[in-house]
Structure formats: structure tokens, C-alpha cells
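Since the structure comes first, as C-alpha cells, the remarks are kept for the end.
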Amino acid sequence: MSISVIVPAYNEEQYIGATLNSLNCAKECLLKREGRSTEIIVVDNGSTDSTASIALASGAKVIEESQHNIGRVRNVGANAANGNVLVFIDADVIVPESLLWRIAEAMKGEDCVGGAVDTNYQPVKLSARVYLQGWRLFGKLAGMAQGATQFCRRDVNVGLGGYDETMYMGEDVDYYWRLKRFAKRHHAHVCFIQDIQVLPSTRRFDRWSFWRTLVWTNPLFILIFRRRKGAWKSWYSTVAR
């Protein structure tokens, strides 16, 4: 088993250094425990800041993709990867040291096609914290998993056609649901890792009003506008810092 970590990034100079530092610790942990090497790929999505130079200084491989579509950016990284297990991690996520080892353990079972890792959002505002924890519990009950950290066998990812590039939002949940359907058809399973958690940035929720958070995370809103790029400027152009 070889692992490739794919990190899509657009103007993430304030966050990607910490993300890659945590990934390098996880990479070293896996190497010490099992002697497995890990490839880290940062897909720079046309950044105008120092995202790429920070990634290079952290030892990551950096490739370029100019089209602003998160599904496409992830797919470009997957196509450039050498590993037979692909791990997709957002550029503003801090991972525990045991993350890659834990994923490797899950993928040792030949009937595991991939999965996701639990998230732990810690926004400053109490209202946002309660709301996001509620969504976390609902997501578990509904079998949903966000793209903060997802993983998949390389050949399965090819069979799925990767992430849906017609979507500008919700492509991660769509990917996980398609992965689950693939597993069911092939008498396999997905693994949702809950004994460890990753820590995504809460920058948007810390700055947005509670009502804006309710609208922009509403499943119906996402379903209606997920293929309309103009609806997601807060992700693709005016990113909260």
C-alpha cells in the first residue's frame, strides 16, 4: 500500500503551513510504525499569494490548475498521484498525528474501498458551535461525510470518475454517497473513522452572521445552486481570511 495525499489550495497562505506541518507529522508517524512512505501533493488553484512557495518549503509536490472548480482540482491531484490509496484533505485542516496510520489500517481490509474521517469544528461563536455539532450528528445518521478528509482506493476512484466537476458545492457529499453505492454493488464497505477527528478551519462561521450560516449550509440551497459557480463566491473568489 502506498498513500498519496491531495490538498487543493487557493490563496491559503495563512492556513496551509499548519496543515502541511500536521500532515508531515502524520507522514512520519506512518513511516515509523509501518515503513510506508507518503506522497503529499498540493494542487495550487491559481493562488496569488505565497501558497505554492509555502507548500514547496514544506516538502510537498506542487502542481498547478487554473480552473476554479474544487472537484476538478481534486481530480487533477488524483491523476498526478502515484499512490494506490488517495487521501483528499482541505488546505485549512489540522490532522492528528495518527491520521495516515489509521487510514492505512482501515484500508488493509480488501473489502474496504475508502471512507472519510470525522470532523470537529470549533467556532468561536456558541450559536455556530451548537449548530455545527447538530449537523455533525445529523450527517452521521444520514450517512453523509464532508470532504475535509476523504480517502479512496485509486482504482475505485477511477471507477467512480472522481469528483463531479459540474458541481461547485456539495461535490464531497456526492462523492461519498457514490462511493457507498459502489461499495454496496461490489459487496464491499466504506469506513467512517470516528476514533480520531480532524480540525477544519472555522473562519467563515466565525465571521458570518448566524443567519448567513443557516442559508449557506442549507441542504436545499446547496441542492438548488450546487452547479452555479456564481453562488459560491465565498469559496472561489472572496474567501474569508
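The values are calculated or read from the model by the stated rules, or taken from the named source; none is laboratory data. Keep in mind that what you see is a predicted model, and the values were worked out from it rather than measured. In this analysis, Cβ positions are derived from the backbone assuming ideal geometry, glycine residues included, and neighbour counts consider all displayed protein chains. Areas reflect the complete protein model, heavy atoms only, side chains present, ligands, DNA and RNA absent. Shrake-Rupley method; radii C 1.70, N 1.55, O 1.52, S 1.80 Å.
Peptides 5-15, 49-59, ordered by how many other C-beta atoms sit within 10 Å of their residues on average, highest first, read 5-15, 49-59.
The fraction of accessible area contributed by carbon and sulfur in the chain is 55 percent, rounded to a whole number (1.4 Å probe; ligands and nucleic acids excluded). Partner lysines whose Cα lies under 30 Å from the Cα of K184, excluding those fewer than 8 positions away in the same chain, are identified as K108, K140. Long hydrophobic helices in the chain, taken as whole DSSP H segments with a C-alpha length of 27 Å or more on their own axis and mean Kyte-Doolittle hydropathy at least -1.0, are absent. Separation of region 84-147 from region 163-194 is 13 Å, based on Cα centroids. Between F151, F225, F88, the GNM of the chain built on Cα springs shorter than 10 angstrom shows F225 fluctuating the most. With the helix formula -39500 (n - 2.57) applied to DSSP H stretches of n ≥ 4, the chain reaches a computed 222 nm mean residue ellipticity of -13000 deg cm²/dmol.
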